[in-house]
Amino acid sequence: MKGPAGVSGIVLNNLALVSLVVVVLAVGALYGLRMRDAVEVHRIPESLVEYVLQEPIEMTPFTLLGFDGEEFGISRLEGKWSFIFFGYTNCPDVCPVTMANLATVFRKLEARSRPMSNIQGIFISVDEARDTPEILKQYVLQFDPRFKGLSGTKPQLDNFTRQLGVLYYIDPENSDENYPVSHNSSLFLIDPKARHFARFAMPHVPDEIVDVFTQIVRHYEVVEGE
């Protein structure tokens, strides 16, 4: 039979065990709350699910050539939001409409007092044979003097287009000088960390793009802590 001292020892041990369990549960609950909050912060808002990638895709090094003769690489994407569209200057419909809409997006963002120094519009020609630097320059600047026009050799273009899942095709057997070029019609959005962050499918409605882009930037700043 245990004496009072033995009983007291058992009680104290039980109390210590209970206290330890309470502490462990409290720490676990706190960790769970923090994890839940972190998930909530990173969760893509429902209104952006249609546009924003589940996980941004980091771009890898590439080299294209601007209509100004300067090389354009991955460092030129860093620190800016980049709207990128692929097409060709002889395109009869999708390209001019999209570029005109993008120019409208820029004007509307300015009207909302959005700083434009960290936003750039880029047209990438997938028709190197016809789109010389001079032709590309004339074409792009007619929409907005801030837009950039890029092109490159087929290997250079393929290296870049593959990263965004862009497809284009020129029939090698078509000898007509007015040959068509098949290409994607989406607008791609690259974030300031040079990652593929979002995509806008057709139709490209300026007001919609402006509203969504504003939400994307707000979401990005929360997630990235900027």
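The values are calculated or read from the model by the stated rules, or taken from the named source; none is laboratory data. Not measured: the values here are computed from a predicted model. Neighbour counts are summed over all protein chains in view; Cβ atoms, including those assigned to glycine, are modelled from backbone coordinates with ideal geometry.
The condition of being among the small types (Gly, Ala, Ser), in the same structural domain as Thr63 (by TED's automatic domain parsing), within 17 Å of Phe85 (Cα to Cα) and more than 22 Å from the chain's Cα centre (by Cα) holds for only one of Ser182, Ser151, Ser175, Ser186, that being Ser182. Limited to the range 120-161, what total is found for residues that are of a type in the set (S, T, N, Q) and out of contact with any Leu (no Cβ under 8 Å at 6 or more places or on another chain)? The total comes to 6. Filtering the range 51-73 to residues that are touching a strand residue (DSSP E or B) at 6+ places or on another chain (Cβ under 9 Å) and outside any strand (DSSP E or B) leaves Tyr51, Met59, Pro61, Phe62, Phe67, Asp68. The residue pairs whose first member lies in the range 87-98 and is assigned by TED's automatic domain parsing to the domain that holds Asp127, whose second member is at pLDDT below 95, and whose beta carbons are closer than 7 Å, counting only pairs six or more residues apart or on different chains, are Asn90/Asn178.
Looking at Ala198, Ala194, just one residue is in the same structural domain as Phe160 (by TED's automatic domain parsing), more than 21 Å from Thr98 (Cα to Cα) and within 9 Å of the chain's Cα centre (by Cα), and that residue is Ala194. Among the candidates Val105, Val166, Val126, Val140, single out the residue that is in contact with a Pro (Cβ under 6 Å, 6 or more places away or on another chain) and either surrounded by 12 or more Cβ atoms within 10 Å (Cβ to Cβ) or in contact (Cβ under 8 Å) with a residue 60 or more places away in the chain (or both). Only one candidate passes the filter, namely Val105.
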